[in-house]
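Every number in this text was worked out from the coordinates using simple rules, so none of it is lab data. This is a predicted model, so every value here is computed, not measured. FYI the Cβ positions are ideal-geometry reconstructions off the backbone, even for glycines, and counts take in every protein chain you see.
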């Protein structure tokens, strides 16, 4: 990171940034170009590791590319606006970038992941079991093997 004073390294601070973020972007390896897709998500912090859950259809480009190469990059940000400081204009933001391997969550793990996602979106958690039972969605899970944050706060 070029400006190391902006690095966020504490895992609890990184989790706080994720709590504020509404969307994450999943960077997936494509055959010719990277494929980046915004998704709704839920997450948890257990034993110093962040696990991200997201969902999607059981078919389509995202599903196909993950099946071919399940190594992904996860990006999230919380943009607060632009500020003028003297002659300079700067952005105020917080962001997270992590790397991990996608797995398909199944059974109780899939329900747990959807409950985290729905809770993060401030929506009723009761729909999770029905979605998993009906087989209408696939739940993905990424345990981040490495994660960093960055912030620029204007005071």
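So which residue, out of 14, 85, 111, gets the largest mean-square fluctuation from a GNM of the chain using Cα contacts under 10 Å as springs? Taking springs between Cα atoms under 10 Å, the residue moving most is 85.
Residues of the range 135-153 with the amide nitrogen closer than 20 Å to a label point 7 Å from the Cα of residue 108, along Cα-to-Cβ, please. Output list for this probe position: 135, 139-143.
Would you work out the relative contact order for the chain, in percent, from Cα pairs under 8 angstrom that are 6 or more residues apart?
Contact order relative to length: 30 percent.
What residue among 91, 105, 121 has the largest mean-square fluctuation in a Gaussian network model of the chain, using Cα springs under 10 Å? Fluctuation is largest for 91.
Computing FRET efficiency as 1/(1 + (r/R0)^6) for residue 13 and residue 85, where r is the C-beta to C-beta distance and R0 is 30 Å, gives about 0.80. In degrees, nearest 10, range 0 to 90: what is the angle between the Cα axis of helix 11-20 and the longest Cα principal axis of the chain? Value to nearest ten degrees: 80. Residues of the range 25-43 with backbone nitrogen within less than 14 Å of a virtual label 7 Å along the Cα-to-Cβ line of residue 68, please, listed as ranges. Counting only backbone N, you get 28-36.
Spin-label model, residue 136 to residue 121: label points 7 Å out along the Cα-to-beta-carbon direction sit 1.2 nm apart.
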